[in-house]
Amino acid sequence: MDDGSSDATAEIAEALGAYWSGMRRNSGYGAALRSCFETARALGADRMVIIDSDGQHDASEIPQLLIPLSNGSDLVIGSRFCDGNGKNIPAYRKVGMKVLDMATNVAGGASVTDSQSGFRAYGRRAI
């Protein structure tokens, strides 16, 4: 989902074979995500990957992110803190992120290292 950008995102994505959908004006992160899910459902997608365009995630890791979906997971969250990553995130943001991770782990009973990650893969049930 392209949320009103004016660069060559659409042309590049389509040239590489990606399905692209866009909004005419910036409507915010929540509206863009809602549109992604609506589009994926309309297409009958089995999988969907969300990757924020802020440069914090490596698109070459998408195949690795999809593996747990093939093994029955409904949602996979890529972490900026695995394998020594996350060094360029300001300390004040890391503190807030860790607090949210702890709350997510307590509430969800899972072990999550980056609950605010903009790199996620969704299976059909999650879509």
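Taken over region 85-97, the criterion of being among the charged types (D, E, K, R), assigned to a helix (DSSP H, G or I) and modelled with pLDDT under 70 is satisfied by Lys94 alone. Cβ-Cβ distances below 6 Å connect the following pairs, each with a first residue in region 98-126 that is modelled with pLDDT under 75, a second residue that is among the aromatic types (Phe, Trp, Tyr), and a separation of six or more residues or different chains: Thr113/Phe81. Among the conditions (1) within 17 Å of Ala13 (Cα to Cα); (2) in contact with a strand residue (DSSP E or B) (Cβ under 7 Å, 6 or more places away or on another chain), the only one that Gly55 does not satisfy is (2).
For region 21-32: of the residues being surrounded by 15 or more Cβ atoms within 10 Å (Cβ to Cβ) and closer than 15 Å to Ile51 by Cβ, which is nearest to the chain's Cα centre (by Cα)? Ranking the qualifying residues of region 21-32, first place goes to Ala32. Looking at (1) modelled with pLDDT under 90; (2) of a type in the set (Val, Ile, Thr); (3) touching a Ser or Thr at 6+ places or on another chain (Cβ under 7 Å), can you tell me which one Thr39 breaks? Tallying (1) modelled with pLDDT under 90; (2) of a type in the set (Val, Ile, Thr); (3) touching a Ser or Thr at 6+ places or on another chain (Cβ under 7 Å), Thr39 fails exactly one: (1).
Among residues that are on the phi < 0 side of the Ramachandran plot and either free of Cβ contacts under 8 Å to residues at least 12 places away in the same chain or of a type in the set (S, T, N, Q) (or both), Leu16 is included. Between Ile62, Ile50, the distinction of being in contact (Cβ under 8 Å) with a residue 40 or more places away in the chain and either in contact with an Asp or Glu (Cβ under 8 Å, 6 or more places away or on another chain) or part of a helix (DSSP H, G or I) (or both) belongs to Ile62 only. Residue check: Cys82 meets all listed conditions (1) modelled with pLDDT under 95; (2) buried (at least 16 other Cβ atoms within 10 Å of the Cβ); (3) of a type in the set (A, V, I, L, M, F, W, C) but one, namely (2).
The values are calculated or read from the model by the stated rules, or taken from the named source; none is laboratory data. Computed from a prediction, not measured in an experiment: that's the story for all the values here. We place every Cβ from the backbone using ideal geometry, glycine too, and count neighbours over all the protein chains shown.
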